[in-house]
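Asks: Before I ask anything, here is the structure I am working with.
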Amino acid sequence: MLKNKLKIIAVLTVLILTFSLPIVKAENITSDDGTTPINDNLEANVTTDEDNLKKGDIYLTGDHVTVDYIVDGNLFIFANHVTINSQIGGDAFIFANTVTIEKQGYIFSNLFTFSKNVNIYGVVYDLYAASENTTIDGFIHRDVHIGSDTVNISGTIKRNAHINCSSLNFTTNSDNNQTEEETTPTTKARINGNLTYSAKTEISVPEGVVTGETTFKQLASSDSNIAEKTIMSLITFVVTIIAVWLLCSWLAPNFLKATPALLTTKKVLPVIAFGILTPIVGIFLTIVFFFMGITSTLGLLLLMMVFSLIIISTSIFTITLNTIICNKLKIEKRASIFCMLVGISMILWLIGFIPFIGPLLGLIVVILGLGIVVSSLVLKNKEKIKK
């Protein structure tokens with residue numbers, strides 16, 4: 001039974017990571033003529049100085065973090081201000097207030113960043129950014145995917161740009177040596193592929209900036225699409241619970257049969273304790289592993305596991321509550337259990353909109369759901385040890 005439960009956690013973790021991080025395999029970064037991509041203000045300083053090389057994945061935290069050495073692996077940073085001034089051989093995952101890729105910065109793969117300000121002056125393979133302000137004054141070798149309030153582009157995007165913003169600005173240079181009749185703005189910003197952007201109003205894109213097609217998608221006002229968002233929220237909530245139920249029924253049916261006893265007996269107190277302590281202990285151990293260095297990868301996996309359990313906790317509680325009610329009402333047909341699960345899911349979703357009560361209930365549901373999973377694993381192991 002323990003093996004089946006671990007299968008559930010592992011499968012859900014993989015699914016979450018698969019859909020949340022669209023990793024793109026890096027290729028050799030060269031331009032069409034076979035040279036290193038360079039724009040007017042950038043020279044890529046490619047070096048192989050082994051004395052300034054760190055192999056393997058790097059994990060960094062702090063207030064001001066500056067990476068001025070070569071990283072032959074992936075880079076993970078949680079900080080206030082981050083500056084990249086060297087070569088990163090793999091992907092860079094950065095959570096910070098301000099992220100700056102300097103002119104000597106060269107990320108050979110993808111940059112994933114959740115930050116307030118993102119400034120790109122160097123070279124990045126693919127850019128995935130969620131920020132308040134994004135500035136691209138360097139070279140993006142492939143595509144950009146940006147969700148930002150303000151986006152300023154004065155560099156080069158070799159392929160396509162997918163942008164969701166309120167303000168999109170392109171830098172142009174005017175030739176001061178031209179006569180008044182010949183004066184024509186020359187573009188410094190360039191998108192060699194297609195531009196697809198979403199905004200409340202259409203933006204005037206200077207001529208010559210986009211080589212391919214420009215597609216504008218107007219953002220609907222919050223009032224006009226509130227019904228659509230509400231319906232999608234309900235559908236997502238219910239479908240997630242059904243998916244977890246089907247997965248548990250397939251991999252660990254005995255787990256579903258045992259969970260009601262955890263809430264209807266004296267075992268409920270350990271369930272609450274495990275639900276509260278699991279995220280606290282998980283985050284504490286993750287921090288310890290990160291600072292130990294050698295076990296930082298284990299710390300990252302532990303953090304992902306805790307977040308995965310938190311994500312499915314609401315589903316686990318709803319499934320357990322549905323099982324308890326079905327047992328009380330002596331509902332045994334699978335179709336009837338399914339309909340009851342959908343109904344209970346909708347009721348819990350609606351209660352979530354009640355002021356004060358909704359958020360409080362949501363917190364209780366997460367604690368109980370998380371406690372059910374963890375306590376079922378721990379208590380089952382203790383019983384085996386006693387036997």
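The values are calculated or read from the model by the stated rules, or taken from the named source; none is laboratory data. All of these numbers come straight from a predicted model, not from anything done at the bench. Note: ideal-geometry Cβ built from the backbone for every residue, glycine included; neighbour counts use all protein chains shown. Heads up: the accessible areas ignore ligands, DNA and RNA and are worked out on the full protein's heavy atoms, side chains in. Shrake-Rupley method; radii C 1.70, N 1.55, O 1.52, S 1.80 Å.
Asks: Once you order the gyration tensor axes a ≥ b ≥ c over the Cα atoms, which shape class does the range 255-372 get: rounded for a/c under 1.5, otherwise prolate or oblate by comparing a/b with b/c?
Replies: prolate
Asks: Can I ask one more? Could you go through the range 358-364 in sequence order and give the Karplus-derived ³J(HN,Hα) for each residue, using 6.51 cos²θ - 1.76 cosθ + 1.60 with θ = phi - 60°, rounded to whole Hz, and x for Gly and Pro?
Replies: Calculated HN-Hα couplings, in order: x, x, 5, 5, x, 5, 5 Hz.
Asks: What residues have an amide H closer than 5 Å to that of residue 198, excluding those fewer than 5 places away on the same chain, when H is modeled at 1.01 Å from N in the peptide plane?
Replies: Amide H neighbours of residue 198: 163, 164, 165, 217.
Asks: Between residue 277 and residue 54, take the C-beta separation as r, use R0 = 30 Å, and let me know the FRET efficiency to the nearest 0.05. Could the numbers behind the result be given before it?
Replies: Details: r = 35 Å, r/R0 = 1.18.
E between residue 277 and residue 54, to the nearest 0.05, is 0.25.
Asks: Here is a further query. Distance between Cα centroids, the range 90-124 to the range 279-350: provide it in whole Å.
Replies: 33 Å
Asks: I've got another one for you. Residue 159 accessible area, nearest 10 Å², 1.4 Å probe?
Replies: 100 Å²
Asks: Report, in listed order, any pair from 116/229; 266/328; 158/200; 266/330; 103/188 with a Cα-Cα distance greater than 20 Å.
Replies: Pairs exceeding the cut-off: 116/229; 158/200; 266/330.
Asks: Could you calculate the contour length gain from residue 292 to residue 200, that is, 0.36 nm times the residue separation minus the distance between their Cα atoms, to one decimal place in nm? All intermediate terms of the calculation are to be shown ahead of the outcome.
Replies: Working: separation 92, 0.36 × 92 = 33.12 nm, distance 4.76 nm.
Here the answer is 28.4 nm.
Asks: Something else about it: Check which residues have an amide H placed less than 5 Å from residue 110's amide H, if you skip close sequence neighbours.
Replies: Residues meeting the criterion, in which the H sits 1.01 Å from N, are 91, 92, 126.
Asks: Any chance you could look up the accessible area of residue 103 with a 1.4 Å probe, heavy atoms only, rounded to 10 Å²?
Replies: 100 Å²
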